[in-house]
Amino acid sequence: MMRLLQAVGQNSLAAAAGLGDFAMFTSRAVAVLPATRHLGRRWARAVHEQGVRCVPVVTIVGLFSGLVLGLQGYYVLARFGSEGLLGTFVALTLARELAPVLAALMIVGQAGSAISAEIGIHRNSEQIDALTTMGIDPIGYLITPRLLAAVVVFPILTVAFTLVGLAGGYLSGSLLLGLDPGVYWSAVHSAVRSADVQECLLKALVFGLLTMAICCHSGFTTHRRLGVSGSRAVSLSTTRGVVLASTATLAADYLITSFLV
Amino acid sequence: MSELSPRPILEVTGLRKGFGEHLVLNSVDLAVPRGSIISVFGRSGTGKSVFLKCLAGLLAPDAGVVRFDSESFDGIRGRCSYLFQSNALFDSLTALENVALPLEQTTRLGRNEIVQAAHNALESLGLEKFADYFPAQMSGGMHKRLALARALVTRPHLVLFDEPTAGLDPPGRAAVFEMIVQYRRQFDFTGVIVTHDIPEALATSDRVALLDEGQIRFAGTPSEFAASDDCIVRSFGESNVAIRENAGN
């Protein structure tokens, strides 16, 4: 019993210390923004890394999500004679829930893992130490541009996901199952209010900052993995970054939703 | 050998560093005269790289004081440079961009001045034709020269070299030490070299130090190193020819 309590206590302390370290890391990445120099090129590279390279996966997943929502929604609503509400169902489900969450998970899978691995390799090959000895803040150089890019990329890709998803709902609901297109798009138009769009963008923004900060932190602290080093440490950091970022996305989604509903 | 200033540029007093219960550095004292090149020897695992990282501020010492130009400091940022064993070059940047990086990020120089200074540094190291090459397209020896160009482009007062000849063949090792001596004259820096290359280091350094069991067991000139009665020092002083040549110069 004592051992169990001891293990719980040690793990709790380690988790609290990790959380504190992550908070310090993220706040430092924001605080050094005014002092960070020649940010433009690194920001543009980060936008390309997180944005342009993730467009295919986000649009494909958005399309299939819309197609499935159209199918499921049509048959469920048909039971109650409410097929006309399919546009409302697809639009609100996408805008308020699925688009921010799934877009974030896709970007984490594609870009977050790459970021975590790249920063981990920077750490392993002493490039982060080299920046420090050159008098360059490694957090300002490597992390700040990526967080700034997330602020722009996540909302844009989430909107893209929503629009493609709506098109997917139209394909399955109207073209495959025969719902009148005018009814579908009219329901979409009347269902979405500015509060829904705000919730969508707020979630995208929070998920972007949170997930990219987690992936960056995981790579940056690769050298702290006890008992492992080299490529194994990079591999573990990447896995850890993706798992933590995905879990944090869902937890943050619940918290934001519970405040906004 | 150069004319040494009596006032040390770097003074280390009572430096201690441990990892868990393992004490690596136990009260290290060392003074590095301005303008000199000092080589630090020691068996593998005696904490030579840890010592260098403590000087650079990459590791926080548990106790002790490091003074640079008589001032306490928390790392070598700005006036000093560090040449890593792995060279620590950025793969995604060209040779020119690697060298320009410290100037771009830490000075107020304009773009043209930065590019010119980086080109000059590459030219000094014989790499001007490779300015647009990425590190992956260059050889190990070129990596070393590129890392040195990056270390010297900011005109540092002190350069720390961590195993600068690791992974090089014997002619390559000699070339690296010759390069350090040559550029010390040109760029006028003080150098601290951690190395296992004792013959080369004895032939080119102004002073040598032996780190053993966490302490500086010997510090002096290469000639004093050769004349030492200490059995540990003698076990390292096997390159008498190089020592005599150095003493004779």
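The values are calculated or read from the model by the stated rules, or taken from the named source; none is laboratory data. Because the structure is predicted, anything quoted here is derived from the model rather than measured. All Cβ positions, glycine included, derive from the backbone under ideal geometry; neighbour counts span all protein chains shown. Ligands, DNA and RNA are stripped out before the accessible areas are found, and what is left, the full protein with its side chains, is counted by its heavy atoms. Shrake-Rupley method; radii C 1.70, N 1.55, O 1.52, S 1.80 Å.
A few remarks follow.
- Charge dipole magnitude, Cβ of K and R +1, D and E -1 - the protein assembly as shown, Cα centre, debye nearest 20: 740
- Averaging the sequence gap over all C-alpha pairs within less than 8 Å and six or more residues apart, then dividing by the number of residues, gives the range B:95-189 a relative contact order of 30 percent.
- Note on chain A: helix-only mean residue ellipticity at 222 nm, from DSSP H runs of 4+ residues weighted -39500 (n - 2.57) and normalised by residue number, equals -26000 deg cm²/dmol.
- Local charge for A:GLU199 was computed over the other residues whose Cβ lies under 15 Å away, with Lys and Arg +1 and Asp and Glu -1, and equals 0.
- Only Lys, Arg (+1) and Asp, Glu (-1) charged, at Cβ; chain B dipole about Cα centre in debye: 360
- Cβ-based charge dipole, the range B:101-221, positive-most Cα from B:VAL153, B:PHE218, B:GLN116: B:GLN116
- The base-10 log of I(q)/I(0) for the range B:175-216, evaluated at q = 0.18, 0.20 Å⁻¹, reads -0.55, -0.66 [Debye formula, identical scatterers on Cα atoms, solvent excluded].
- Restricting the calculation to Cα atoms, chain A shows an Rg/Rh of 1.07 when the hydrodynamic-style radius is the Kirkwood one.
- Size estimate for the range A:20-100 follows the Kirkwood approach: the inverse of mean 1/r over distinct Cα pairs works out to 16.3 Å.
- Shape of the range B:98-196, Cα gyration tensor, a/c cut at 1.5: oblate
- Proximal lysines relative to B:LYS129, as straight alpha-carbon distance under 19 Å, when same-chain residues fewer than 8 apart are discounted: B:LYS144
- Considering only beta bridges that DSSP places wholly inside chain B, some 55 percent are antiparallel.
- Paramagnetic label zone (point 7 Å from Cα along Cα-to-C-beta, B:ILE232; backbone N under 14 Å) in the range B:18-36: B:24-29
- Spatially proximal lysines relative to B:LYS17 (Cα-Cα < 24 Å; intrachain offsets below 8 disregarded): B:LYS48, B:LYS53
- For the range A:172-189, 3J(HN,Hα) per residue [Karplus equation, 6.51 cos²θ - 1.76 cosθ + 1.60, θ = phi - 60°, Hz, x = Gly/Pro]: 6, x, 8, 6, 8, 9, x, 5, 4, x, x, 5, 4, 5, 5, 5, 4, 4
- Percentage relative contact order, chain A, counting C-alpha pairs under 8 Å, at least six apart: 31
- Take the convex hull of the alpha carbons in the range B:16-74; its mean projected area over all directions comes to 4.4 nm².
- Scanning residues 5 or more positions from B:SER36 or on other chains, those with amide H under 5 Å from its amide H are B:GLY191, with H placed 1.01 Å from N in the peptide plane.
- Projected over every direction and averaged, the convex hull enclosing the alpha-carbon atoms of the range A:1-54 yields 5.8 nm².
- Computed log₁₀ I(q)/I(0) - Debye formula, equal Cα scatterers, no solvent, the range A:1-151, q 0.09, 0.10 Å⁻¹: -0.50, -0.59
- For the range B:50-156, the Kirkwood hydrodynamic radius comes to 14.8 Å, computed from all pairs of different C-alpha atoms.
- Nearest-0.05 FRET efficiency for A:VAL261 and B:THR107, computed from C-beta distance (R0 56 Å): 0.60
- For the protein assembly as shown, DSSP calls about 55 percent of its internal beta bridges antiparallel.
- Choice from A:ALA245, A:ALA187, A:ALA117 showing the highest fluctuation, given a GNM over chain A with Cα pairs closer than 10 Å: A:ALA187
- Cβ-derived FRET efficiency at R0 25 Å, B:PHE19 paired with A:ALA7, nearest 0.05: 0.55
- Calculated on C-alpha atoms, the gyration radius of chain B divided by its Kirkwood radius gives an Rg/Rh of 0.97.
- Nearest-0.05 FRET efficiency for A:LEU19 and B:ASP62, computed from C-beta distance (R0 35 Å): 0.85
- Estimated purely from DSSP H runs of n ≥ 4, each contributing -39500 (n - 2.57), the mean residue ellipticity at 222 nm for chain B is -11000 deg cm²/dmol once divided by its residues.
- Cα-based Rg and Dmax for the range A:129-261, where Dmax is the largest Cα-Cα distance (Å): 20.5, 66
- Rg/Rg_globular for the protein assembly as shown, with Rg_globular taken as 2.2 N^0.38 Å and Rg from C-alpha atoms: 1.25
- Across all C-alpha atoms in the range A:75-155, the radius of gyration and Dmax reach 21.2, 69 Å.
- For B:CYS54, the accessible area of its heavy atoms, probed at 1.4 Å with every protein chain present, is near 10 square angstrom.
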